[in-house]
Amino acid sequence: MQKQATLVLIKPDGLKKSLTGNIMSKLAESKLVIIGARVARPDRKLVEIHYQHLKDKPFFSGLVDYLQGKLHGEPYDRVLAFVYYGENAIEKVRKIVGATNPEEAEPTTIRGSYGRIMTSGLFENVVHASSDPADAEREIKLWFKPDELVVDLYPAKPCAHNNQPALDWA
Ligand code: UDP
Ligand code: MG
């Protein structure tokens, strides 16, 4: 099988609960490698695009607030973003992450171990992981610039940033 890349986000609740180390230890069981990492404070627009498949759900606005860290407050109004890379990366990471609903997730998964359902009904499930190849590509391009990854995953084109030569997705 060809190597795949997948986006992982440690959501604001994961940061507030000091779970970064635990989450990364669990993900290391996959033997995948990290090819991109950054801390991000996404604007509303980016999060709305990230979760565009859920825009008609009643919980959409609360979900966007959640990923922006508005429910967890400063200094947790941010996420850690990673690109994991290797064979079958998308499925391997989803398996370790567990089901969307933390009450239904296997107890040994990240979401089963650390997630909860908020009183509002929103699933506070600690991490995001891409669900299929098309989503992974879309999400990685949304959260990372070409030169923030150490593997050339997708075609890129030269551009200028602050009058300096840079790269953008083609
Ligand atoms: N979510 C929720 N309630 C639902 C479905 C989704 O609160 O009924 C939230 C949850 O935080 C989830 C995110 O919306 O992680 C994105 O939903 P998606 O269906 O893409 O699930 P995922 O890919 O994260 O497992
Ligand atoms: Mg999803």
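Yes/no per residue for (1) within 16 Å of ligand 2 (Cβ to nearest atom); (2) open to solvent by 40 Å² or more (accessible area, probe 1.4 Å); (3) touching a Ser or Thr at 6+ places or on another chain (Cβ under 7 Å):
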{"site": "T100", "(1), (2), (3)": "yes, yes, no"}
{"site": "N125", "(1), (2), (3)": "yes, no, yes"}
{"site": "A129", "(1), (2), (3)": "yes, no, yes"}
{"site": "D132", "(1), (2), (3)": "yes, yes, no"}
{"site": "C159", "(1), (2), (3)": "no, yes, no"}
{"site": "A166", "(1), (2), (3)": "no, no, no"}
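Taking the range 1-106 as the region of interest, the strands (runs of 3 or more DSSP E) fully inside it that hold 2 or more residues being touching a helix residue (DSSP H, G or I) at 6+ places or on another chain (Cβ under 8 Å) and within 14 Å of ligand 1 (Cβ to nearest atom) are 3-10.
For the range 134-157, a tally of residues being touching a helix residue (DSSP H, G or I) at 6+ places or on another chain (Cβ under 7 Å), within 16 Å of ligand 2 (Cβ to nearest atom) and among the small types (G, A, S) returns 1. Scanning the range 40-81 for residues that are under 17 Å from I110 (Cβ atoms) and open to solvent by 20 Å² or more (accessible area, probe 1.4 Å) yields a single hit, L80.
Of all the criteria given as (1) open to solvent by less than 70 Å² (accessible area, probe 1.4 Å); (2) in contact with a helix residue (DSSP H, G or I) (Cβ under 7 Å, 6 or more places away or on another chain), the one not satisfied by S120 is (1). Pairs please, first residue from the range 102-113 and within 18 Å of I10 (Cα to Cα), second anywhere and open to solvent by 100 Å² or more (accessible area, probe 1.4 Å) and part of a helix (DSSP H, G or I), Cβ atoms under 8 Å, 6+ apart in sequence or on different chains. Between residues of the range 102-113 that are within 18 Å of I10 (Cα to Cα) and residues that are open to solvent by 100 Å² or more (accessible area, probe 1.4 Å) and part of a helix (DSSP H, G or I), the close pairs are T109/K95. Does L142 satisfy being within 24 Å of A37 (Cβ to Cβ), surrounded by fewer than 20 Cβ atoms within 10 Å (Cβ to Cβ) and among the aliphatic types (A, V, I, L, M)? Criteria met by L142. Restricting attention to the range 44-87, the residues that are away from ligand 2 (no atom under 16 Å from the Cβ) and more than 23 Å from L19 (Cα to Cα) add up to 6. Residues in the range 45-65 include none that are in contact (Cβ under 8 Å) with a residue 24 or more places away in the chain, closer than 15 Å to Y114 by Cβ and not hydrophobic (A, V, I, L, M, F, W, C).
Against the numbered list (1) in contact (Cβ under 8 Å) with a residue 24 or more places away in the chain; (2) open to solvent by 50 Å² or more (accessible area, probe 1.4 Å), S18 comes up short only at (1).
The values are calculated or read from the model by the stated rules, or taken from the named source; none is laboratory data. Because the structure is predicted, anything quoted here is derived from the model rather than measured. Every residue, glycine among them, receives a Cβ derived from its backbone with ideal geometry; neighbour counts consider all protein chains shown. When the accessible area is computed, the model is the full protein with side chains, heavy atoms only, and any ligands, DNA or RNA have been set aside. Shrake-Rupley method; radii C 1.70, N 1.55, O 1.52, S 1.80 Å.
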